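Down below is the structure, laid out as structure tokens.
Nothing in this text is a laboratory measurement; each read-out follows from the coordinates by a stated rule. Keep in mind it's a predicted model, so treat the numbers as computed, not measured. Counting neighbours? That spans all protein chains shown, and the Cβs are built from the backbone with ideal geometry, glycine included.
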Amino acid sequence: MTVSSASPALKFSTSATTGGSNPLTFTVAAGQGVADFYIQALEDTGTAIYTVSAPGFAPGTGTVTLAASGVVIEGPFGFD
């Protein structure tokens, strides 16, 4: 299976903790009904289209909306 995008704002990975690539090609075992992949955005506004293709199947497309993300780390006594 191959996941790709013409947008330089998208990367793809089969792991939530590994940096992505574009395109991403990986093997889906025969009989497996689901294949997970992660989309990583390199920009924080706009939209991007991606394509998923596999031999013997019609390609599919999807659109993602890019947004900023963040993490808040709070200590045991709250924010100081």
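Assorted remarks:
- The relative contact order of the chain, computed from alpha carbon pairs under 8 Å that lie at least 6 residues apart in sequence, is 30 percent.
- Burial order of peptide ranges 25-32, 44-51 (average beta-carbon count within 10 Å, highest first): 44-51, 25-32
- Across all Cα atoms of the chain, the radius of gyration (one decimal) and Dmax (whole number) stand at 16.3, 58 Å.
- Relative contact order of the range 1-40, defined on C-alpha pairs under 8 angstrom at six or more residues apart (%): 46 percent
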